[in-house]
Amino acid sequence: MRYKLTFVVGLALGYVLGTRAGRERYEQLKKSARQVAQNPAVRNTAETAAQQGRQYAGKAYHAVSDKVGDRMPESVAGRVRSLRDRNSNGTTGGDDWGTSNT
C-alpha cells in the first residue's frame, strides 16, 4: 500500500508540474529533440549502430540455425527459410534503419 501511495503522489506531482510548465516548455523540448535528431554526428552514429545491429543479428541467426538445425518443426523452418530468401533477394521493401534522407 505504501508503494501505491508513493506512486500516486509522484504521478500527481508530475502532472501538476507538467501542466505548470505548459505548452511553451513542451515546444522548447520538442525543438531541442529535433535539433539533436538532425545533428549529423547523431545521425551517423545511429546509422553505424543500425548497421552493426544488422550484422550481429545475421551472425546470431546463423549461430542459432546451426545449433537448432533439424530440431525445429518443418512448418517453422519453412517460414524462416521463406523470410530469409525474401530478404536476401530484395523483394521486400525493407526498413529505413540506417538510411538517411539527407
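Brief remarks on what is shown
- Converting the Cα gyration tensor eigenvalues of the range 32-79 into ellipsoid dimensions via √(5λ) gives semi-axes, longest first, of 38, 11, 6 Å.
- Straight-line reach from K30: taking Cα to Cα under 25 Å and skipping same-chain neighbours fewer than 8 places apart, no lysines fall in range.
- Taking a ≥ b ≥ c as the square roots of the eigenvalues of the alpha-carbon gyration tensor, the range 2-86 is classed oblate because a/c is 1.5 or more while a/b is no larger than b/c.
- Each of S82, S65 has some number of other Cβ atoms within 10 Å of its Cβ, and from fewest to most they run S82, S65.
No lab work stands behind these numbers, since they all come straight from the coordinates. Keep in mind that what you see is a predicted model, and the values were worked out from it rather than measured. No Cβ is skipped: glycine too gets one built from the backbone with ideal geometry, and neighbour counts run over all protein chains shown.
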